[in-house]
1. Taking Asp221 as meeting all but one of (1) within 28 Å of Pro127 (Cα to Cα); (2) surrounded by fewer than 17 Cβ atoms within 10 Å (Cβ to Cβ), write down the number of the exception.
2. What is the number of the single condition among (1) surrounded by fewer than 20 Cβ atoms within 10 Å (Cβ to Cβ); (2) at pLDDT 90 or above; (3) out of contact with any helix residue (DSSP H, G or I) (no Cβ under 9 Å at 6 or more places or on another chain) that Ala302 does not meet?
3. Quick check on the stretch 178-192. Is at least one of its residues buried (at least 18 other Cβ atoms within 10 Å of the Cβ), more than 20 Å from Leu219 (Cβ to Cβ) and of a type in the set (A, V, I, L, M)?
4. Against the condition assigned to a strand (DSSP E or B), in contact with a Gly (Cβ under 7 Å, 6 or more places away or on another chain) and at pLDDT 90 or above, how does Val284 come out, does it pass?
5. Report yes if Lys120 is crowded, with 21+ Cβ neighbours inside 10 Å, in contact with a helix residue (DSSP H, G or I) (Cβ under 8 Å, 6 or more places away or on another chain) and not in a loop (DSSP other than H, G, I, E, B), otherwise no.
6. Would it be correct to say that Glu335 is at pLDDT below 90, surrounded by fewer than 20 Cβ atoms within 10 Å (Cβ to Cβ) and over 29 Å from Leu100 (Cβ atoms)?
7. When both residues are 6+ apart or on different chains and their Cβ atoms are under 8 Å apart, which pairs have a first residue that lies in the stretch 91-103 and is within 20 Å of Ser65 (Cβ to Cβ) and not assigned by TED's automatic domain parsing to the domain that holds Val276, and a second that is crowded, with 24+ Cβ neighbours inside 10 Å and among the hydroxyl-bearing types (Ser, Thr, Tyr)?
8. Any residue in the stretch 283-307 that's more than 16 Å from Val318 (Cβ to Cβ): show its pairings with residues that are charged (D, E, K, R) and surrounded by 15 or more Cβ atoms within 10 Å (Cβ to Cβ) at Cβ separation under 7 Å, as long as the two are six or more apart or on different chains.
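The values are calculated or read from the model by the stated rules, or taken from the named source; none is laboratory data. The structure displayed is predicted, hence computed values, not measured ones. Reconstructed Cβ throughout: ideal geometry from the backbone, glycine too, with neighbour counts over all protein chains shown.
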Amino acid sequence: MNNGEKDAARFGHTALPPEQQRALRKAVKWEWITIIFLAVSTFLVYLVLGNSQAMKAAWIEDMLSFLPPISFLVATRVIRRRPSESHPYGYHRAVGVAHLVAAVALVVMGGYLLVDSGLKLVTAEHPTIGGITLLGNTFWLGWLMVLAMLLTAGPPVVLGIIKMKLAKTLHDKVLYADADMNKADWMTALSAAVGVLGIGMGLWWADSVAALIISTSILHDGIKNLRGAIGGLTDTRARTYDDSEPHPLGERIDAYLQSLPWVREARSRVRDEGHVFHIESFVVPRKWPGATLRRIEKAREACVGMDWKAQDMVIVPVTVLPEEFLPGLTQGGGEYR
């Protein structure tokens, strides 16, 4: 195995299974493809920008689309560092920081475009789109704008579908946010094209309305990702890669631990470190002699074997389940006999 493959096979101290190794290499490749495509598409849109507010919003969204793939690539490099004395939990939180940076940028720019477009609609600003001469022929610039939007609408959708699957495999919320934005890019392109055609038909307000739709989409993506990023950095309960529901691993671990003959009760708390989980499982043994080091270590190995994300785990024998650490605890928490 060469050095590149060794780097791709680990997240800090966490060795990746073969499926995740392949997914990581593919994700890095597709993010570089995304950056190359964005470089071409943003330049193309810039060439035909004109005075259209909708085109301006679409161009700014394309510029913002650089943030998630760049954040993912940077975070992927950082999290490969092994834990140190100053970072005993490793560098997995770099994913959360990258997620937060991208989300804040989306919220700020989405809010700015929303206000800017709204003011232009309220003040009844009439945008104009002139003509352009190419190869001796003069025609309306709006046709080039619409063509640019149509050409740049399809590829992001395909990229989004591909990266969505990889995000699920890697449990990567930055990659998921990027894929989610890519899948919705066709809406931006369609809105911008409709706005331009509206100007051509004499509907001056169509351009501002299209810009409002685009900026609302940007703001929505930003708020959604900001909520998820802040939640992850403030140690909310670990959730699935798309933040749709609590991750089921915690319940699986609790069910397994409670099924052990030497365990009376068990409850875990799981926090998302970025890709991997930090898990603390509290167990109340039926009798003190039953909680041997060998049994605890065997139980820990079984729990770690449930999911590659669970390698950072501790099992703590206690006399009673600690309610101050496990909010919402409903069980009685019996003591040792």
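1. If we test Asp221 against (1) within 28 Å of Pro127 (Cα to Cα); (2) surrounded by fewer than 17 Cβ atoms within 10 Å (Cβ to Cβ), just (2) comes out false.
2. It fails just one condition, (3).
3. No, the stretch 178-192 has no match at all.
4. It is true that Val284 is assigned to a strand (DSSP E or B), in contact with a Gly (Cβ under 7 Å, 6 or more places away or on another chain) and at pLDDT 90 or above.
5. Answer is no for this residue.
6. Yes; evaluated as a whole, the condition is true for this residue.
7. Once the first residue is within 20 Å of Ser65 (Cβ to Cβ) and not assigned by TED's automatic domain parsing to the domain that holds Val276 and sits in the stretch 91-103, its partners that are crowded, with 24+ Cβ neighbours inside 10 Å and among the hydroxyl-bearing types (Ser, Thr, Tyr) give Ala98/Ser71; His99/Ser71; Val101/Ser71; Ala102/Ser71.
8. Met306/Arg252
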